[in-house]
Amino acid sequence: MRGRTRAPRRRVAALLVLLAGWLGTALVSAGPAAAHATLIATDPAEGARLDAAPDEVTLQFSEGVSLGAGYARVLTAGGDEVDGGEPSVEGQELRIPLPGDLGDGGYLVTYRVVSADSHPISGAFSFVVGEGELVPAGAGAAEDDADPLVAAALPALRALGFAGIALAVGVPVLALLCWPAAWASPRLRRLAVGGALAVVVTAVLTFLLQGPYAAGSGVGTAFTASLLSATASSGTGWALLARIVLALALAATLAPAWRSGSAPDRPALAGAAVFAGGLVVATAATGHPVAGPWPLLAVVVAAVHVAAMAVWLGGLAALLVGVVRPGPDAAAVAEALPRFSRVAFATVAALVVSGIVQAVREVGSPSALLDSTYGGVLLAKVAVVLVVLGAAGVSRVWVQQRLGVRRTRATSGHRVTAPAFAGPAGGLDDEDGSAATRGRVQRENAVDHLPSLRRSMLVEVAVAAVVLVLSGVLVGTPPARSAVAEPVDVTLPLQGTGGEAGSVQLSVDPAQPGANVLHVYLFDADGRATQPAGIEVSLTEEDQGIGPLDVEIAGAGPGHYTADAMTIPGAGAWTLTVTLRLDEFTATRASTEFSVR
């Protein structure tokens, strides 16, 4: 028995090592990728001074966006809105028309749009027409944070919705694959119907709150007609409405089977499969999977993840309520648990693989995993999942020991099959041991030890509830790869009249739109800190026609200069240039390019 036990353990260990290696390699080698829309270009550019007023303001984003319940407007220096017509969005481009009589002065552009993954993005930038002062971008910038109550309610609703899907889909799958008698159980009928109703209620409430979330307003605006209309016309709104219809259709299709106490006929079963599959896809086809690279593949992987979660956790809950309970039916225990153990193993494998694929896509790099909110929540989820898998492993060992079946073996020319741990001393492993007797002893043995299985399964369900909560938080958190940028740290040679005159070390942190910290270190040809006669630093984005923008720096020590709030207006391929006057007759410069996302 020990030899047979070690082989599966070695296979599982090898699988985990391979998966860990795959995840590590993918994270280390993953290149930068786009997700959670960012502003990459504007026309006019940030801080631009124009001789004449433009016809419109254009904002280019890294992925498709929509106005939805948000806004895009141009304000004067006094805070009045410039009325040039309704803004429009075409794919990744947002256009704000301007009136023909726009006068000289400073103008502030503010916006709040919704990216393809349903997250709102807001910001502001300014430009000047003719003579006038540049309006500070912070004067009218929108708050990025949603209303606190809305922000807290949405993850909770998502978690409850995931639990509802698990019950609505997982309980019927258990009855179909593992325990046909479940169709006659009033408890499991209530569990499945309650799960479908939970999907409906959470989808309705999420639909109502999506508008205030996108607009940055409070719960009191949930029934505002314009917000409801904006949600209904969005991809997220359509997915939520689809969940409502599909959950109700699934419950209605299975209702006759639950009432009759027998499995549904083929037409009803086919309809239920279509509705359950649609419910899974409608859950997967929103949020992060539909944005960024390879959206179709991402939706398929997310659908596998949701389906595996539903079958595993829904079946687990059904077993606790209908089988592994005080006063259990020994026949039900012997029939349902071994079958579900095999199903659960397959779904857990699907969960692990699909979860790794999702993590690699959404994280993108080890630094993003460690330095972002998304990465922190993901690591917490992985830790909790490991606890769930540990409890699941205990349950699986119990089933194998109490209800497993040994391999057939030859005895005096005959092949005999015997249940593991089922026979008393003296045994049933002989030709005269009847199958009925072996089955009865096996069931009685299992029931006697059921409390320990019940405890491990309760741990699985309780900790799985935490996983669902963390999943709800992850769906509403910007992906790690869009939240973390790679800092710049480079050393460049300086050329003088007689050859190499030393070097300059440049450091930009965090190298993302907004305020950044710049450090400039100057060294002579011998590697010692040196002080130039003069120094200038500038930023340029040639593709967008921005710059050169002068960077104000201050001395921080011998050969050391800093800019504590160097502003990078937006995403793009930026060039940082340092111009030095080494002495009265010699000047040199060095520059480096870096990407901002």
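The values are calculated or read from the model by the stated rules, or taken from the named source; none is laboratory data. Just so you know, these numbers come straight off a predicted model, no measurement behind them. So basically every Cβ, Gly included, is an ideal-geometry build from the backbone, and we count neighbours across all protein chains shown.
In table form, for the structure just shown:
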{"read-out": "Any hit, segment 257-267, residues being assigned by TED's automatic domain parsing to the domain that holds VAL201, surrounded by 21 or more Cβ atoms within 10 Å (Cβ to Cβ) and closer than 30 Å to GLN210 by Cα", "value": "no"}
{"read-out": "Pair list, Cβ under 6 Å, 6 or more apart: segment 387-406 residue under 16 Å from VAL324 (Cα atoms) and in a helix (DSSP H, G or I), other residue modelled with pLDDT of 75 or more and among the hydrophobic types (A, V, I, L, M, F, W, C)", "value": "ALA391/VAL459; SER395/MET457; VAL399/LEU337; LEU403/LEU337"}
{"read-out": "Enumeration of residues in segment 540-572 that are of a type in the set (A, V, I, L, M), farther than 16 Å from LEU506 by Cβ and surrounded by 14 or more Cβ atoms within 10 Å (Cβ to Cβ)", "value": "ILE546, ALA571"}
{"read-out": "Pick from segment 68-97, criterion assigned to a loop (DSSP other than H, G, I, E, B) and loosely packed, with under 15 Cβ neighbours inside 10 Å, ranking: farthest from the chain's Cα centre (by Cα)", "value": "GLY78"}
{"read-out": "Search result, residues across segment 268-287 that are among the β-branched types (Val, Ile, Thr) and either surrounded by fewer than 18 Cβ atoms within 10 Å (Cβ to Cβ) or part of a helix (DSSP H, G or I) (or both)", "value": "VAL274, VAL280, VAL281, THR283"}
{"read-out": "Verdict on LEU296 being at pLDDT below 90, assigned to a helix (DSSP H, G or I) and surrounded by fewer than 20 Cβ atoms within 10 Å (Cβ to Cβ)", "value": "yes"}
{"read-out": "Qualifying residue in segment 250-272 (condition: β-branched (Val, Ile, Thr) and in contact with a Leu (Cβ under 7 Å, 6 or more places away or on another chain))", "value": "no"}
{"read-out": "Residue in segment 142-152 that is under 20 Å from the mean Cα position of the chain (by Cα), at pLDDT 90 or above and β-branched (Val, Ile, Thr) present", "value": "no"}
{"read-out": "Any chance ALA303 is out of contact with any helix residue (DSSP H, G or I) (no Cβ under 7 Å at 6 or more places or on another chain) and under 26 Å from LEU468 (Cβ atoms)", "value": "no"}
{"read-out": "Out of SER507, SER503, sole residue that is touching a Ser or Thr at 6+ places or on another chain (Cβ under 6 Å), modelled with pLDDT of 75 or more, surrounded by fewer than 19 Cβ atoms within 10 Å (Cβ to Cβ) and hydroxyl-bearing (Ser, Thr, Tyr)", "value": "SER503"}
{"read-out": "Residues satisfying the stated conditions in segment 522-540, i.e. free of Cβ contacts under 8 Å to residues at least 40 places away in the same chain and within 41 Å of the chain's Cα centre (by Cα)", "value": "LEU539, THR540"}
{"read-out": "Selection within segment 532-559 - assigned to a strand (DSSP E or B) and acidic (Asp, Glu)", "value": "GLU536, GLU541, ASP550"}
{"read-out": "Condition check for PRO338: surrounded by fewer than 23 Cβ atoms within 10 Å (Cβ to Cβ), assigned to a helix (DSSP H, G or I) and without any contact (Cβ under 8 Å) to a residue 60 or more places away in the chain", "value": "no"}
{"read-out": "Residue match in segment 573-583 (condition: among the small types (Gly, Ala, Ser), surrounded by 16 or more Cβ atoms within 10 Å (Cβ to Cβ), farther than 11 Å from LEU506 by Cβ and in the same structural domain as VAL490 (by TED's automatic domain parsing))", "value": "no"}
{"read-out": "Close pairs (8 angstrom Cβ cut-off, 6 or more residues apart or separate chains): among the charged types (D, E, K, R) in segment 277-299, in a helix (DSSP H, G or I) anywhere", "value": "none"}
{"read-out": "Complete set of residues in segment 515-531 that are more than 15 Å from VAL488 (Cβ to Cβ) and either touching a Phe, Trp or Tyr at 6+ places or on another chain (Cβ under 8 Å) or in a strand (DSSP E or B) (or both)", "value": "LEU522, PHE523, ALA529, THR530"}
{"read-out": "Among residues of segment 346-360, those that are of a type in the set (Ser, Thr, Tyr) and touching a residue at least 60 places away in the same chain (Cβ under 8 Å), counted", "value": "0"}
{"read-out": "Residue within segment 152-159 that is under 30 Å from ALA273 (Cβ atoms), without any contact (Cβ under 8 Å) to a residue 60 or more places away in the chain and surrounded by fewer than 19 Cβ atoms within 10 Å (Cβ to Cβ) present", "value": "no"}
{"read-out": "Residues (buried (at least 19 other Cβ atoms within 10 Å of the Cβ) and more than 18 Å from GLY161 (Cβ to Cβ)) located in segment 222-241", "value": "LEU227, ALA230"}
{"read-out": "Counted residues, segment 207-221 - those being touching a Phe, Trp or Tyr at 6+ places or on another chain (Cβ under 9 Å) and either surrounded by fewer than 23 Cβ atoms within 10 Å (Cβ to Cβ) or at pLDDT 90 or above (or both)", "value": "1"}
